[in-house]
1. What are the pairs with Cβ atoms under 7 angstrom where one residue, in region 166-181, is under 13 Å from ALA61 (Cα atoms) and the other, located anywhere, is assigned to a helix (DSSP H, G or I) and not β-branched (Val, Ile, Thr)? Sequence gap at least six, or different chains.
2. List every residue pair whose Cβ atoms sit under 7 Å apart, with the two residues 6 or more apart in sequence or on different chains, where the first one lies in region 122-137 and is in contact (Cβ under 8 Å) with a residue 40 or more places away in the chain and the second, anywhere, is of a type in the set (D, E, K, R).
3. Quick check, is LEU163 surrounded by fewer than 18 Cβ atoms within 10 Å (Cβ to Cβ) and over 26 Å from THR83 (Cβ atoms)?
4. For the structure I just gave you, tell me whether TYR141 is buried (at least 17 other Cβ atoms within 10 Å of the Cβ) and either modelled with pLDDT of 85 or more or in a helix (DSSP H, G or I) (or both).
5. Looking only at residues in region 31-55 that are open to solvent by 70 Å² or more (accessible area, probe 1.4 Å) and free of Cβ contacts under 8 Å to residues at least 12 places away in the same chain, which one is nearest to TYR141 (Cα to Cα)?
6. In region 57-86, what residues are at pLDDT 90 or above and either among the charged types (D, E, K, R) or not in a helix (DSSP H, G or I) (or both)?
7. Can you tell which of ILE111, ILE157, ILE119 is modelled with pLDDT of 75 or more and on the phi < 0 side of the Ramachandran plot?
Amino acid sequence: MDANRQDNASAAVLVAIYQAERVDSTSNMNFSLGLVAAEAAYLVGTSALWEKLALIGGWMALLPFPLICLVSFQSVLLAASATKAVSITHLERRLKKLADLSGRSSGNHLIGFVASERIFNVQGAIKNGNLALAAATLITYGGAGAIIVCYTIIVTIKSFDYLHAWGIFPAAGYLALLTVVTFSWLSGLRIVGDVLV
């Protein structure tokens, strides 16, 4: 009887932690989508006013900075979301074991967070033969990254018209910032790789 009560208490604690982790994970995803919308609005807004940017002269070199800050924060969100995903998958394994759903024959790989990771996680999609989904994910993130890098390059080059030789300073600064952000994204992606391990 005590063992049964202890199992029930363990299951209740695991479920509570699991629910909290799922809520945090969903919040991170929603916040990340909000950042994407903000980035898109910023790009469209500043691009629509491209002809008017001459009025601000060399200050235009600062235009890519807010975008880089947003992308940098997204890399932190990716790492946080990946950490949550690892936690969620471990909790699900424990809960499935308690519910006697731990065997592959029980369909445990089709239940819960792990099932969605077979689609959203590039490594998981490739592992499960979903190459089109993996490619779509890479195009989504790679395309967004390429747009921001191209925007930064174009604005920085244009700012040389006003800053002349001084334009090398924002150019070097953006190169350094984009390098840091790239390594931050790669670090987050390494954590993502641990989700299906």
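The values are calculated or read from the model by the stated rules, or taken from the named source; none is laboratory data. Please read all numbers here as calculations on a predicted model, not as lab measurements. When we count neighbours, we look across all protein chains shown, and the Cβ atoms used for this are built from the backbone with ideal geometry, even at glycine. For the accessible areas, the whole protein counts, side chains as well, though only heavy atoms, and no ligand, DNA or RNA atoms are used. Shrake-Rupley method; radii C 1.70, N 1.55, O 1.52, S 1.80 Å.
1. Here the result reads GLY167/ALA61; GLY167/SER159; GLY167/PHE160; PRO170/ALA61; PRO170/SER159; TYR174/PRO64, each pair linking region 166-181 to a residue that is assigned to a helix (DSSP H, G or I) and not β-branched (Val, Ile, Thr).
2. Qualifying pairs under 7 Å: GLY124/GLU117; GLY124/ARG118.
3. On the way: surrounded by fewer than 18 Cβ atoms within 10 Å (Cβ to Cβ): no; over 26 Å from THR83 (Cβ atoms): yes.
No: the conditions fail for LEU163.
4. no
5. LEU33
6. LEU63
7. Result of the check over ILE111, ILE157, ILE119: ILE157.
For (1) under 25 Å from the mean Cα position of the chain (by Cα); (2) closer than 22 Å to ARG118 by Cα, each residue gets a yes or a no:
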| residue | (1), (2) |
| --- | --- |
| ALA12 | no, no |
| TYR18 | yes, yes |
| GLY34 | yes, no |
| ALA37 | yes, no |
| TRP59 | no, no |
| SER75 | yes, yes |
| ALA82 | yes, yes |
